[in-house]
1. With respect to residue 358, determine if the residue is closer than 24 Å to residue 244 by Cα and more than 16 Å from ligand 2 (Cβ to nearest atom).
2. Within the stretch 385-418, count every residue that is more than 16 Å from ligand 3 (Cβ to nearest atom), over 22 Å from residue 361 (Cβ atoms) and surrounded by fewer than 24 Cβ atoms within 10 Å (Cβ to Cβ).
3. For the stretch 213-234, enumerate the residues that are in contact with a helix residue (DSSP H, G or I) (Cβ under 7 Å, 6 or more places away or on another chain) and surrounded by fewer than 24 Cβ atoms within 10 Å (Cβ to Cβ).
4. Of all residues in the stretch 114-137, count the ones that are on the phi < 0 side of the Ramachandran plot and surrounded by fewer than 16 Cβ atoms within 10 Å (Cβ to Cβ).
5. State whether the residues of the stretch 264-273 include one that is within 16 Å of ligand 3 (Cβ to nearest atom), more than 20 Å from the chain's Cα centre (by Cα) and without any contact (Cβ under 8 Å) to a residue 40 or more places away in the chain.
6. Taking residue 362 as meeting all but one of (1) crowded, with 23+ Cβ neighbours inside 10 Å; (2) more than 14 Å from ligand 1 (Cβ to nearest atom); (3) more than 24 Å from the chain's Cα centre (by Cα), write down the number of the exception.
7. Take residue 386 and decide whether it is over 22 Å from the mean Cα position of the chain (by Cα), farther than 28 Å from residue 272 by Cβ and more than 16 Å from ligand 1 (Cβ to nearest atom).
8. Considering each of 470, 426, 479, 432 in turn, give the residue that is outside any loop (DSSP other than H, G, I, E, B) and closer than 16 Å to residue 291 by Cβ.
Ligand code: BES
Ligand code: ZN
Ligand code: ZN
C-alpha cells in the first residue's frame, strides 16, 4: 500500500511553532492501479477526448465507458458540443448503465491522428487530469481511463497530474473546503505489474516535492523569513537523514559572504546560508544545486514600483532546490547532491545597503551596487563561489532572477543559460518532464556592460537590453572553470496569477521536475 502522507510544509509544521499560523493541509489522495474489467467503484470515470482531423474523437481508454453506454458516448458528447479542446470538461450521466454515475470527458486538444489512433502528448494528459482533479468538489473516488494502460510514461503523467491537481493552499481561509478526494484509480492492463507500481511511488515523491515548493512560495513573508526558512530546511533535511549546515550571520561574516550580508542588512531578520548534502554510496556524479532565497524583495532603497506583491515568491529557486535534494534522497538516486541556499530579505530600513556601496564577496572580488533591486545575483555570487569550492562535476542554479525573463519568454517558460551542451541537455529533459524551458545565449558582447569604474564588476549595467542574459553573464563570473553549469531563470514560471491545468493560483513548484529529471539522467537514467 502506498503511503498517503503529505510532505507539504503545512504537514511538517506544528501550528504555532516553526511557521506559525499554519494548520495541517489536506493529504494527497491515494493512488491505485485497477484493471478495466472489474468494478470501477468510483464517483467519476475520467476519459479523454481529442480534437482530431475529423473533429471530436475519443482517446484510447474511453472504450470502456463507450461500450457500457451502448457505443453512444461520442454521439452524446457531440450533442452537448464537445470538441476535445484543451481544458474542455464535459460531464455525462451514465443513467445506471455503468457502476460509475458520471463520466467526465476531458479535452486533450489537437493531436496527430494521421495513421489511426491519436498520439497522446504526456503534458496535455498531465494538465487535463490536473484540471479535473483541481475543479471537482464532491467526488471521493475517481477512476481514470486514458490510454491503453500499457505505457508507463502515460501512467506516470496521469498520476502526477492527479497529485499536482489536488493541491490547495487554504491555510488562511475561514470555512475552507478541503478536497473530498481520497483515492485515484488508474486503469491499466496489468495492475500487478511491478514497474507500474514503482512508477506510482516515483510520481508521488515528485509531486510531494513540487507541492512542498508551492507551499513555501505561498506562505507569506511575514511567516517565512530567512530564519524560519532555514529552520524549515534543517528540519526537513534532518528528517530525510541528510547532513545540514546552517550559516548564521556570524558565520557568514567569518566566511566573507559580503553579498549575502549586504542584501540582508536592511531586514529585521538576519540572513542565512543553508547547505544540505545527500551522499549515497558510489555516486555516478557530484552535483551542486544553488537556489535564490530572497524571502521578500521590496527592491530595497531602489524600491519596487511594480509587482511587489508577487515578491513573496522570490525564494522559489531556494524552495525548488531544497525540495529536490530531499526528493533525490527519497528516490535513492546514485548521485551526490549538495544544495547551497542563500537566504535574505531585501528590505528597506536605516541599515539597508545602498546604491553605490561596494561589497566584497567570498573570494575577495568586489561588486559595485548600482541598483539594490538586482539583489539576487549578489547573494547567488557568494553561493556559487561556495558551491564550487566542493569541485562539483555539474552545477544547477535556479532563481526568480529577472523581469527580463518575463519580457523575453512570457509567464510560463523558463530561460536556461550556461555551458552549451549541459544547457541543451537540461532543456531536453525539461520537455520530457513536462516543463517549458528554453535555451538562451550568454552573448559575450553584453559582458562589457558589467564593467565598473570603481569595483571589479557592477551588479547592473546602464543598458537594460537583454537583462535576463546579462544576469546570466554576471553569474557565470562566479562559476569555477571546468564545472558544467546551468542557470534557470524562473521569475515568471514560479508563480501563477490564475489557476490552470494542474496549477492552482500561487506557487507552482516550477523547475523541481526538471531538476529531478536532470539528477536522474546524471545518475544514469
Ligand atoms: N526578484 C526580481 C525579479 C522578478 C521580477 C521575479 C518579476 C519575479 C517576477 C529581481 O530581484 C529584480 O528585481 N530584478 C529586476 C532588476 C532591475 C534592477 C533591473 C528586474 O529584472 O526587473
Ligand atoms: Zn530585486
Ligand atoms: Zn529578487
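1. In short, no.
2. So the count comes out to 8.
3. 220, 221, 232
4. The total comes to 6.
5. no
6. So the condition that residue 362 fails would be (1).
7. no
8. Step by step, each of 470, 426, 479, 432 is checked, and only 426 is outside any loop (DSSP other than H, G, I, E, B) and closer than 16 Å to residue 291 by Cβ.
The values are calculated or read from the model by the stated rules, or taken from the named source; none is laboratory data. This one's a predicted model, so the numbers in the text were calculated from it and none came from an experiment. Here the Cβ is made from the backbone with ideal geometry for all residues, glycine too, and neighbour counts use every protein chain on show.
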